[in-house]
Amino acid sequence: MIGRAFLNGVTHSEEDIVQLLLSVLEETQAAYCLIGGLAVNAYAEPVVSLDVDLVVVADRIDALCAAALAKGMKAETFEHSMNLSASTSDLRIQVQTDPRYQEFLARAEPREVLGYRMVVAGLRDVLRGKLWAYADESRRPSKRQKDLSDILRLAETHPELKDELPPAISRQMA
């Protein structure tokens, strides 16, 4: 419960938005998995993040959006994502709609993340998603730097991943 309280405190949440999200996912029967920094926290020492990044099975995204709106959340749609938010929290929820991530769902597994039981992309898929994000030069430099940090955290915690890193990143681990 400490992880939940910490996350809700850091995000200034007046209500448990992660639990609300999980209930909406269950209500809509939407298969999902965490990706991004919160998913990295499932495989390495946790760091603070105000973001929840996830993939939802493509045919349930509209139902998820409708259910979230019905619970008072706000939804914004972008080219490769849908963002959910609530006025009662600083937590940002990004549903990735880039089709490359759909295959992550088949290899995802339940894990504990900051006191929540959530479905998390497999270790190598989390790494792959972080590598894609880091390689995206349209992202803000600070976001790309965080992606690099997450990649390095994963590789340090799981040395078997080092062979999967691009040479430029591998050199940074020497």
**OP:** Give the distance, in whole Å, between the Cα centre of the stretch 62-84 and the Cα centre of the stretch 96-174.
**Re:** 24
Subject >> Principal-axis tilt of helix 61-70 within the chain, Cα atoms, nearest 10 degrees >> reply: 50
Original post:
Helix 141-157 sits at what angle to the longest principal axis of the chain, using alpha carbons and giving 0 to 90 degrees rounded to 10?
Top reply: 70
Subject >> Lysine pair number, Cα distance threshold 25 Å (strictly under), the chain, separation 8 or more or different chains >> reply: 6
Subject >> Paramagnetic reach from ARG100 in the stretch 48-82 [backbone N under 14 Å; point 7 Å along Cα→Cβ] >> reply: 80-81
Subject >> Directionally averaged shadow of the chain, computed from the convex hull of its alpha-carbon atoms, nm² >> reply: 9.8
**OP:** Using the Karplus curve 6.51 cos²θ - 1.76 cosθ + 1.60 with θ = phi - 60°, work out ³J(HN,Hα) for each residue of the stretch 121-126 in order, rounded to whole Hz, and write x for Gly and Pro.
**Re:** 4, x, 3, 5, 6, 4
Subject >> Burial ranking of peptide ranges 87-97, 125-135 (average Cβ count within 10 Å, highest at the top) >> reply: 125-135, 87-97
Original post:
Name the residues of the stretch 116-136 whose amide N is less than 17 Å from a point 7 angstrom out from the Cα of LEU22 along the C-beta direction?
Top reply: 116-121
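We did not get these values from a lab; they are worked out from the coordinates using the rules stated. Here the structure is a predicted model, which means the values were calculated and not measured. Neighbour counts run over all protein chains shown; Cβ positions are idealised from the backbone, glycine included.
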